[in-house]
Amino acid sequence: DAGVIQSPRHEVTEMGQEVTLRCKPISGHNSLFWYRQTMMRGLELLIYFNNNVPIDDSGMPEDRFSAKMPNASFSTLKIQPSEPRDSAVYFCASSTGTDKNIQYFGAGTRLSVL
Amino acid sequence: QKEVEQNSGPLSVPEGAIASLNCTYSDRGSQSFFWYRQYSGKSPELIMFIYSNGDKEDGRFTAQLNKASQYVSLLIRDSQPSDSATYLCAAAYALNFGKGTSLLVTP
């Protein structure tokens, strides 16, 4: 399996622009997670889906952030409008959704908002 | 607030020594715990997971769990320079990660 695939790997944008991050989970995994990682706050869970349904979005920082999972093989995280403080590495991870919750991470998207 | 706490380090050990990484968690409902390794500029990768009190060994790695004390640790025996990375502890119930401990193994 190719693992969790994220795109783009790097994104540089200007403040106020819309940013869309994409994720393809491992085939057969039915849980998908979006994380944000910064030096100050570490790895923070933003939202997770189970069987394409959002289960917990309490980590989404504000209404500028939204996430969708239209089918089992694709998810997006959108920031509109983007701000410099959104600069971070965004990881997508997937798991089989059992209570063991072993997660496999994508390579991440490094976002820089100027 | 469900917290997972780790000492940020850096923890420096000489090559061949035992590295001991520690983690505490606040949510007594947490049932499973994970250690991830993250090299600089890379994504986290699973090293160990543990669900039951006691020790679990896998090669040079041993995870220890004490639910009464809400404490998880990772021991790395015969540390190698290639073990130099940040180690993240996670409590699966709330999908919380600690901020990680930076480990440096010096030749």
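Annotations for the structure displayed:
- Computed over chain B with a Gaussian network model linking Cα atoms closer than 10 Å, the most mobile of B:R37, B:R77, B:R28 is B:R28.
- Solvent-free Debye scattering, log10 I(q)/I(0), computed from the Cα coordinates of chain A at q = 0.16, 0.19 Å⁻¹: -0.66, -0.94
- Global form of chain B, assessed from the alpha-carbon gyration tensor, a/c cut-off 1.5: prolate
- Shape box of the protein assembly as shown [Cα atoms, principal axes, largest first, Å]: 49, 36, 35
- For chain B: lysine pairs under 22 Å (alpha-carbon distance), excluding those fewer than 8 apart on one chain: 5
- Three-way shape label, the range B:1-46, alpha-carbon gyration tensor, a/c 1.5: prolate
- Whole-Hz ³J(HN,Hα) from phi, Karplus 6.51 cos²θ - 1.76 cosθ + 1.60, for the range A:29-44, glycine and proline x: 7, 10, 10, 9, 10, 10, 10, 10, 10, 10, 4, 6, 10, x, 9, 10
- Average beta carbon contacts from partner chains per residue of A:101-108, 10 Å cutoff: 5
- Partner shielding of A:22-31 amounts to 0, given as the average count of beta-carbon atoms from other chains within 10 Å of each residue beta-carbon.
- Measuring nothing but protein heavy atoms, the accessible surface of the protein assembly as shown at 1.4 Å probe radius is 49 percent carbon and sulfur.
- Across the range B:78-89, coupling constants 3J(HN,Hα) worked out from phi with the 6.51/-1.76/1.60 Karplus curve, θ = phi - 60°, read 6, 4, 10, x, 5, 7, 5, 5, 9, 10, 9, 9 Hz, and Gly and Pro carry x.
- For the range B:39-65 versus the range A:34-61, the gap between their alpha-carbon centres in whole angstrom: 22
- Each residue was assigned an accessible area with a 1.4 Å probe, and for A:S27 the value is about 100 Å².
The values are calculated or read from the model by the stated rules, or taken from the named source; none is laboratory data. The structure presented is a predicted model; accordingly, all values stated were derived computationally and were not measured. A quick note on method: Cβ atoms are made from the backbone with ideal geometry, for glycine too, and the neighbour counts reach across all protein chains shown. What goes into the accessible areas is simple: the full protein's heavy atoms, side chains included, and nothing from ligands, DNA or RNA. Shrake-Rupley method; radii C 1.70, N 1.55, O 1.52, S 1.80 Å.
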